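What follows is a set of notes on a single structure, which appears directly below.
The values are calculated or read from the model by the stated rules, or taken from the named source; none is laboratory data. Since the model is a prediction, treat every value here as computed from it, not as a measurement. Virtual Cβ from ideal backbone geometry, glycine too; neighbours counted across all protein chains shown. Accessible surface areas use protein heavy atoms only, side chains included; no ligands, DNA or RNA. Shrake-Rupley method; radii C 1.70, N 1.55, O 1.52, S 1.80 Å.
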Amino acid sequence: MSTETPAWQADIDATAAASLAAIAAAQDLATLREVEVAALGRKGSVTALTKRTGQLDKSERRAYGAASGGLRKQVQQAIAARRDAIRQATVDAELADLSFDETLPGTEPAGGHVHPLSRVQLELEEVFTSMGFAVLDYPEIESEFDNFEALNIPGWHPARDMQDTFWLESGHLLRTHTSAGQVRAMHQLEPPFRAIFPGKVYRYESTDASHEHTFHQLEGLMIDRHVSVGHLLDSMRTLLSAIFRRDVQVRLRPGYFPFVEPGFELDISCQVCGGPGCSVCKHTGWVELLPCGLVHPNVLRAGGLDPDEWQGWAFGLGLSRLVMMRYGVSDIRLLLGGDARFVEGFHAGA
Amino acid sequence: MFVSWNWISELVDTTGVDPKAFADRFTLAVAEIEGVVDVAAGLDQVVVADVVAVSPHPNADKLRLADCDLGHATVRVVCGAPDLRVGMRVPFVPPGVTLPSGIEVRHGEVRGVPSPGMLASEADLGLSEEHAGLLELHGCDAAPGTPLCDAVPIRDVLYEIDNKSITHRPDLWGHLGMAREVAALLDRPLLRPSTEGLAFTDADPVSLGVSPFSACRRYLCARFEGVVVAPSPVAVRLRLRSLGVRPISNVVDATNLVMLETGNPLHAFDARHVRGDAITVRQAVEGETLVTLDGVSRGLTSADCVIVDEVGPVALAGVMGGANSEISGDTTAVVLEAASFDGAAVRKTASRLGMRTESSARFEKHLDPETAHLAALRFAHVLLRLSPGSQLVSRLADVGRHVDAPPQATQIHTRRSYLRSRLGLDATQLTDAWMDRALTALEFDVQGPDEDALVVTVPSFRAGRDVGIAEDLVEELGRVYGYDHIPSQAPRVAARPPFVPPSKPQDRRARAAMALGCGLTELVLYSFESESFRERVGLQERGADGDVLPREVLRNHLSSDMTHMRRLLSNNLLAATERNLLHGTRAADGHKGTRVGLFELGRAFVPVDLPREADHPAVDWGLPAPMASGDAASQTAYLANLNDVLREGVQSAVATKRPLPWQPRRLAIAIGERLGGGQDGLVQAPRSLSVALYREAVGAVESLCAQLQRPAPQLARQPEPGVLPSGVTSGPGAVDLRPAWLHPARHATVAVAGRYVGLISLVHPEVRGALEVPAEVVLVELDLDALLSVDTVAERGEAPARFPPSAFDLTLPCQLSARAAALTGALHAAAAAAVDDVDVDVRWVSEFVAEAGGAAADPTGDGDPFPRAMTFRFTSRRAAGSLTDDDVRAVRAAVLRCAAEQASVRPGWAAEVDA
Ligand SMILES: [Zn+2]
């Protein structure tokens, strides 16, 4: 082996130095890729050296081949090493970068909004169906018979006065309570049955923050062979505990409604203070929630049922009031006011 | 109404009962107590003083100095009361006392004169609002220096009763009725006030007559002479005041005391002013007038009941006396009226004249005529006490329907076991003896023919509207027993799924599709429309013949803007869109609050077209089912089960039957976007916006049909206004075909499986121009009941295609009359013939190239008859392998051949594309 340095050695060395320097200088994968093409590509500097083999003497070809091949390998390895280093450094840098603001607000998806009345009504419908209640739907324009006579509200009763009821020119009326569906339900379903019928009701009365001429109620009706005050107490406590999603105490006070006898005002334990008394419950620990009672025999008769054979209980829950209680709505007029901003405060969850 | 515990304690022994603790029991058993008031708390140090001398104040004209005998000493205090005089007996408040009214009494000087204490008015002591003069202790014979509370029984606890909770209990409008309840709850005897020992004579008090046609059921009269009108003793005055009644004179106070005791209002006439010594009760004559005690002249109608003497009216029955016969200071002879009037008549008169008095409030409850008799006797007792020289100089005249034909006592036949079972109690919990005692305490007469049977006679003051059936006795026993002592009982439950009509899940899915799927906001709106909005915007609903369609009309309405029921939901939604665009929404929608998307689910009200639809099986007559649709036998059976009142009600309802309107469930959608500009009632929307809003609405309807598993909607313009496209059928209560907002050129009727379900339309330019905010709006109204009647499409779990599809797009130059649905259909048929499976979708419609460049929209300005570019995407698949190039070429060739045959596509275009 000659100890003399061949003339082409300088070119090899220079190309090696230039390529390695460029590789070392590359800070990202794209630059490194450019360096790779500039060295190893078809027109690259290292490739160009390799192509010169043919121009040399046969004696030198072997040595030159080894040298240029070695250069190519050296450059390839350097590029691979550099690529690993850059990749690692980039990942390390991202992991170490704590400038990311994890507290940025979310962007709102284009979902719509369900009205809180619908939401509460749906929720109650689910609770009641899970407990075996039929869910019924009855007309809002009702006959005087269904709204009054059938409910044992005779002509002399103050509730029949013009001032409480919207009357239509046709002689019919806008139902003043969902109880108007009681007799319809008795004709529609085979006893024994349990049913609710939610919906819009109307009162001829001027409006303020706590009064509306249009609001929503949910009527409950159970018909069975034997129904006692004890059954009513048990049912109301169970149902209201499901609605309020916690254990609710109930108590009955005498209340007069012509279509139930005995009739009650039902109070529930105050959901705000839980009993000791607060401003919401006027320091009594109890909040008046709904009227209820055992179905009056005359109503059973109007429903085609024999009071000697069938008995029942009924209640009327104020859906609008429940929505106001649950969501802290201070003005009932917001519910039907048609302002989309009010509803947009509630999410779609239907 | 206020109830005095002191008064109750005169009628039942309440020893050992704390009225405040008892209030809870009372609320649960009798009536709601809204508040418990402690009267005269904090007056312990106030004493009785006699004014022994009065002298002027040296430095003030309006003040004087009073020397007061306090028994152990005499003190001089400054006093500003105008009625101060020597000899008065008044309350004295020593220094260092803070009164309930908040006044602090100190050792001090008033305008330079020392004043160690003060003389007090009722207001100072917190007993009433009366502050004009000192509280003069008439009739108080306690020694000076005696504590006021010992001298006069002013210490009391008042229950404030919620009047609404006793509207059905006329017997509870007086202390006697309340005391009866307390006695029953405490199981102690009721101490009845005396009615004995009255020396009536045989003379007639007046010549008395009651018209049988009047609202008077019973009228009692008595005459007193030798009456000396004077202030009542202070104890009476304070009792009246604390119960909210102004003391006037012993005679008037006696009527009020008896009213507060028995619940029956009374009236006292000055006998001098009863002209002709005759009293008649009759209907008023139209146009008759009476100046009532409050000095107001009242015009009367034949619906009113009046008391007249020989000349004219002297009292408005049950409401207020006349000024002409009022008791005055020099009255010496009094004619007492104790009467019972029909509740409904008194209510009508009082509400027509706006005169809700203590008297009318009680008579409205329909009082027991027996109570009027008791009240007359009690008045005699009380007057003889308050005006000791008075004499009874007549018999107790007693006339009226109630006297001519006394009603039979109400008897209830029931069983002890039934009463127990309805409460959920057994015989060990509710014993026979306890039952008898409770009912007897409430003055029911109880007879037991056998061990279980009961015959209960209802006392007159509970009979009639209050207690009449066994269930009423269940209530009486339950409340005395205490509902809080009744154990709760779980009902036996049959295990079967409850009935839920298909409309319920449909509503739920529709709501979810609109809110969650389409990003719309749900509103719940009134069932009335704003008439002023309708008028401004020109809303009307017309039939095919152009006639205005009727709406349900309110006979009474709260405002002239709210007189009709809605026939369409979309009208209200359009008004809501306008309002919401005006004030903006929460702007989270990426449209900076200039966009609203709303929907409502609810009922529309469409009058039944009589007689055309009268026999339609779905017409609802608002009658009990057997009477509306049953056969003769079931009607007879139904009527036989009713009581008389109900049977009459049913028969009259059948005789006057009218159909309820159609009340279809509807879904309405409104999507609106605010525009800039617009003037003189002309608002133009960019065509691209109109198309975008319209397509959004169509998307919502398509998504609804998909969610409800119904076939895809078919959209078509009405061939003539108000006429359905051919092959589409409709039913009663369907969405009106020609609402005023319908845009004749930019709408579609929506049909599903050939059934008309509703409309999608951009709003008419006249309506757009009338909105208060320039906006383009698309409205949708769909009939959910109609949609429900269409059969569902079965959904199948098909395996996804195994081989990838191949897609290409083609853009067709079309005439403006071209319709996407028709082209899609034709192209699909052609493509499907060439390959196993192909989808054809409209990707893009470029209406007007000019508009995109910002120039005015003028589709035909360049004279091109095919200005609309419609891009379709064809996605083809083969069932058993990948699509080959040949397949794609075949589809493409088929589509191009088809396009060349379409008149709405530019001729020769296919050849250009092929080249
Ligand atoms: Zn509370």
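Mind checking B:498-506 for the average number of partner chain beta-carbons within 10 Å of each residue's beta-carbon? All intermediate terms of the calculation are to be shown ahead of the outcome.
Details: counts 13, 10, 9, 5, 0, 3, 7, 1, 0.
Shielding by partners across B:498-506 averages 5.
For A:I141, what accessible area in Å² do you get when you roll a 1.4 Å probe over the heavy atoms of the protein chains, rounding to the nearest 10?
The value for A:I141 is about 0 Å².
Using DSSP to define loop residues, name the trypsin sites (Lys or Arg not before Pro) in segment B:536-627 whose beta-carbon has at most 12 other beta-carbon atoms within 10 Å. If you can, show how the numbers build up before the last one.
Details: sites: B:R536, B:R542, B:R551, B:R555, B:R566, B:R567, B:R579, B:R586, B:K592, B:R595, B:R603, B:R612; in loops: B:R551, B:R555, B:R566, B:R567, B:R586, B:K592, B:R612.
When the trypsin sites (Lys or Arg not before Pro) of segment B:536-627 are filtered for loop state and at most 12 Cβ neighbours within 10 Å, B:K592, B:R612 remain.
7 Å from Cα along Cα→Cβ at both B:A911 and B:S297: what's the point-to-point distance in nm?
Taking the two extended label points, one gets 10.2 nm.
If ligands, DNA and RNA are left out, what is the accessible area of B:S503 with a 1.4 Å probe, given in Å² to the nearest 10?
10
Counting only DSSP beta bridges with both residues in the protein assembly as shown, what percent are antiparallel, rounded to the nearest 5? Before the final figure, lay out the partial values.
Values: 174 of 184 bridges.
Roughly 95 percent of the beta bridges in the protein assembly as shown run antiparallel, per DSSP.
If we sort B:872-883, A:253-264 on the protection proxy, mean other Cβ atoms within 10 Å, highest first, what's the order?
On the way: B:872-883: 16.2, A:253-264: 23.6.
For the peptides B:872-883, A:253-264, the packing ranking is A:253-264, B:872-883.
So what's the net charge close to A:H187: Lys and Arg +1, Asp and Glu -1, counting the other residues with Cβ under 13 Å from its Cβ?
Numbers: positive: A:R184, A:R301; negative: A:D146, A:E190, B:D620.
So the environment of A:H187 carries a net charge of -1.
Once the Cα atoms of chain B are picked out, what are the Rg and Dmax in Å?
Both quantities, over Cα of chain B: 42.0, 132 Å.
Taking θ = phi - 60°, what integer Hz values does the Karplus form 6.51 cos²θ - 1.76 cosθ + 1.60 yield along segment B:164-177, in sequence order, with x for Gly and Pro?
Computed from phi, the couplings for segment B:164-177 are 4, 7, 10, 5, 8, 10, x, 6, 8, 8, x, 5, 4, x Hz.
What residues of segment B:631-656 lose no less than 40 Å² of accessible area with every protein chain in place versus their chain by itself (probe 1.4 Å, heavy atoms only)?
B:Y638, B:N641, B:N643, B:L646
How large, in percent, is the carbon and sulfur part of the accessible surface of segment B:411-481 at a probe radius of 1.4 Å?
Numbers: 1350 of 2740 Å².
Reported share for carbon and sulfur atoms: 49 percent.
Ignoring ligands and nucleic acids, what accessible area does B:H381 show with a 1.4 Å probe (Å², nearest 10)?
Ignoring ligands and nucleic acids, B:H381 comes out at about 50 Å².
Could you tell me what percent of the accessible area of segment B:1-137 is made up of carbon and sulfur, with a 1.4 Å probe and every protein chain present? Spell out each step's value before the answer.
On the way: 3110 of 6290 Å².
On segment B:1-137, the fraction of accessible area on carbon and sulfur atoms equals 49 percent.
Taking K and R as +1 and D and E as -1, what net charge do the other residues with C-beta under 13 Å from the C-beta of B:W434 add up to? Mind showing how you got there, number by number?
Details: positive: B:R416, B:R420, B:R437; negative: B:D187, B:D426, B:D432, B:D436, B:E476.
Net charge around B:W434: -2.
Rounded to the nearest percent, how much of the accessible area of segment B:207-404 (1.4 Å probe, protein heavy atoms only) is carbon and sulfur?
That fraction is 52 percent.
What FRET efficiency, computed as 1/(1 + (r/R0)^6) with R0 = 41 Å and r the Cβ-Cβ distance, is obtained for A:K73 and B:R889, rounded to the nearest 0.05? If you can, show how the numbers build up before the last one.
Numbers: r = 51 Å, r/R0 = 1.24.
After rounding to 0.05, the efficiency reads 0.20.
List, by residue number, every residue in segment A:199-230 with a reduction of 20 Å² or greater in accessible area between the chain on its own and the complete protein assembly, 1.4 Å probe.
Flagged in segment A:199-230: A:K200, A:Y202, A:Y204, A:H213, A:M222, A:D224, A:H226, A:S228, A:V229, A:G230.
Please work out the average accessible area per residue across chain B, using the 1.4 Å probe convention, and give it in Å². Spell out each step's value before the answer.
Values: 39420 Å² over 915 residues.
That works out to 43 Å² per residue.
Taking a cut-off of 12 Å between Cα atoms, list the aspartates and glutamates near B:K504, but don't count ones fewer than 8 places away on the same chain.
A:E125, A:E126, A:D137, B:D785
Local charge sum around B:P189 (other residues, Cβ-Cβ under 12 Å, Lys/Arg +1, Asp/Glu -1)? Write down the numbers at each step before the final one.
On the way: positive: B:R180, B:R188, B:R192, B:R437; negative: B:D13, B:D187, B:E443.
Its environment carries a net charge of +1.
To one decimal place, what Kirkwood hydrodynamic radius in Å is obtained for segment B:670-788 from all pairs of distinct Cα atoms? Can you show the working numbers first?
Values: mean 1/r = 0.0677 Å⁻¹.
One decimal place: 14.8 Å for the Kirkwood radius.
Take peptide A:113-126, look around each residue's Cβ out to 10 angstrom, count Cβ atoms belonging to other protein chains, and average those counts.
On the way: counts 11, 8, 10, 2, 2, 7, 3, 0, 2, 5, 0, 0, 4, 1.
If you average over the peptide's residues, the count of other-chain Cβ atoms is 4.
What's the total accessible area buried between chains A and B, using a 1.4 Å probe, rounded to the nearest 100 Å²?
On the way: alone 19390 and 43700 Å², together 54760 Å².
When A and B are taken together, about 8300 Å² of accessible area is lost.
Please identify the longest segment of chain B free of exposed GluC sites (Glu not before Pro), where exposed means a DSSP state other than H, G, I, E or B and no more than 14 other Cβ atoms within 10 Å.
With a cap of 14 other Cβ atoms within 10 Å, the longest stretch comes to B:452-771.
For segment B:47-154, count the residues as N, evaluate 2.2 N^0.38 Å, and divide the Cα radius of gyration by that value, please.
Working: Rg = 12.8 Å, N = 108, 2.2 N^0.38 = 13.0 Å.
This ratio for segment B:47-154 stands at 0.98.
Taking each pair of distinct Cα atoms in segment A:1-124 once, what is the resulting Kirkwood hydrodynamic radius in Å?
Values: mean 1/r = 0.0525 Å⁻¹.
Roughly 19.1 Å, rounded to one decimal.
Run the reach check for A:K51 against lysines, Cα to Cα strictly under 29 Å, same-chain hits fewer than 8 apart removed. What comes back?
The reachable lysines, counting only those whose Cα sits under 29 Å from A:K51, are A:K43, A:K73.
PRE reach from B:A712 (point 7 Å along Cα→Cβ): which of segment B:486-526 fall under 19 Å by backbone N?
Output list for this probe position: B:518.
Residues of segment A:18-32 with backbone nitrogen within less than 18 Å of a virtual label 7 Å along the Cα-to-Cβ line of A:T90, please, listed as ranges.
The answer is A:23-32, whose backbone nitrogens lie closer than 18 Å to the label point.
Give me Rg/Rg_expected for the protein assembly as shown, where Rg uses Cα atoms only and Rg_expected = 2.2 N^0.38 Å with N residues. Please report the intermediate quantities before stating the final value.
Values: Rg = 44.5 Å, N = 1265, 2.2 N^0.38 = 33.2 Å.
It is 1.34.
Would you mind working out the accessible area per residue for chain A, using a 1.4 Å probe, and quoting it in Å²? Could you put the intermediate results ahead of the total?
Working: 15350 Å² over 350 residues.
Ligands and nucleic acids excluded, the result is 44 Å² per residue.
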